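The values are calculated or read from the model by the stated rules, or taken from the named source; none is laboratory data. Bear in mind the structure is a predicted one, so any value in this text is a computation, not a measurement. Because the Cβ atoms are built from the backbone with ideal geometry, glycine has one as well, and the counts that use them run over all protein chains shown. Surface accessibility is based on the protein's heavy atoms, side chains included, excluding ligands, DNA and RNA. Shrake-Rupley method; radii C 1.70, N 1.55, O 1.52, S 1.80 Å.
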Amino acid sequence: MKTIQGFILIDVDVAALNNAGKDTSTTLDNAVMTKKIRKNGKEYPYVSGQAWRYWWRETLEKKFNWKMSPVIRESKIAYTEADPMVYPDDDMFGYMRAGKKTITDPDTGKEKKINVTLTRVSPLKNSALIAVSYNPIVQHWSTMARQEGDAVPYGKDEYCAIMKGMFSIDIDMVGTFSFVNRTGFLNINDDMRKLYLKNGAREIEDDFIKDKNGNPVKLIRIDDTEREKRIKETLLALKYLSGGAMQTTNLADVTPKLIVLAYFNSGNHIFSHLAKEELGSAVFSIDALKEVIKEYGNDIDEKIYVGKREGFMDELKEEFQKLKLENKIEFGPVNEIIDKFTDQLKL
């Protein structure tokens, strides 16, 4: 199993990136609270993993012109087209669909409706983004006063925070689809399998996924050039990431100010503890990074790639340069490091 493991820090001031609806703790009729979670008796703002994925998907559509899978709404459920060969977001972000689907019959070339219950575990997995250190969330009171009569007060939560997040991409799973009839593994049905093979996909065998008799199953894999493109653009999108609530008056830059990337021979995430709270401040632990290099060096392909934006945690620069000279990491500006890392991708 070969994965890409990533860790990022973002730095936002007076932000309100992901709100949680009406604030019932205030007497204001119009007040919105931010998403927050309690840890060690304190409240820390966070951005849900779903919101981060939404920003990511939007960036891929706008910057890289991804053809996004249409969303279909039926009564109280909604799902995408669930066609991962045609729509790269269905491939990278996964799906769950139950209902009817129109496909081109691979034998006759005519359209037909089929019943489908398809699920796909996302090759791209990510955490929430959460503040590393405690910094009180404050409620900002504003008013709408341009109209005649009394001003209309409203409130919103705001905060300053360095937030951490991690993600992984299962390289082998991208552009690779199973049709085993169990949850998460019935990515495509037999009609889709035939159509994909007719349109240039190929069959491969995988020892990890077994049928009911314990035998390896055959998987369908699209062209490696397209698989590589999807992975690279997913990573490159981090350079252009934008999003978040209240951007009109609380504009925040959500691109990484520090990023750590590695090709790793396991699905286990090894970078989760690189940032910590120390004396009330967010700190990146060089010692934790050195420990990862020491304990997992044999499982890391190439090197660990570290990018840092100038002006952010500049006290780390000398230590990173030392590790670079010792040939233990590749170090440079964030965008340059993302580019270098994607250039090393091997399928």
Quiz item: Do we have T183 as modelled with pLDDT under 95, of a type in the set (S, T, Y), loosely packed, with under 15 Cβ neighbours inside 10 Å and farther than 30 Å from K308 by Cβ here?
Solution: yes
Quiz prompt | Unique match (being open to solvent by less than 40 Å² (accessible area, probe 1.4 Å) and of a type in the set (D, E, K, R)) among K294, K303, K239, K276 | solution = K239
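Let's see how each residue does on (1) of a type in the set (A, V, I, L, M); (2) at pLDDT 95 or above; (3) touching a Phe, Trp or Tyr at 6+ places or on another chain (Cβ under 7 Å):
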| residue | (1), (2), (3) |
| --- | --- |
| K110 | no, no, no |
| K113 | no, no, no |
| N126 | no, yes, yes |
| K156 | no, no, no |
| S178 | no, no, yes |
Quiz prompt | Single unsatisfied condition, T234 versus (1) at pLDDT 95 or above; (2) among the polar types (S, T, N, Q); (3) part of a loop (DSSP other than H, G, I, E, B) | solution = (3)
Quiz item: Applying the selection to region 58-69, what residues are part of a helix (DSSP H, G or I) and surrounded by 20 or more Cβ atoms within 10 Å (Cβ to Cβ)?
Solution: T59, L60
Quiz item: If you check every pair at least six apart or on different chains, which have Cβ atoms under 6 Å apart with a residue in region 289-303 that is closer than 18 Å to L258 by Cβ first and a residue that is open to solvent by 50 Å² or more (accessible area, probe 1.4 Å) second?
Solution: I293/K328
Quiz item: Of the residues that sit in region 186-210 and are open to solvent by less than 80 Å² (accessible area, probe 1.4 Å), part of a loop (DSSP other than H, G, I, E, B) and in contact (Cβ under 8 Å) with a residue 24 or more places away in the chain, which one is nearest to D224 (Cα to Cα)?
Solution: A201
Quiz item: Out of the residues in region 71-121 that are of a type in the set (D, E) and within 30 Å of L236 (Cα to Cα), which is surrounded by the most Cβ atoms within 10 Å (Cβ to Cβ)?
Solution: D91
Self-check item: Qualifying positions in region 101-143 - within 30 Å of Y159 (Cβ to Cβ) and without any contact (Cβ under 8 Å) to a residue 12 or more places away in the chain
Solution: T143
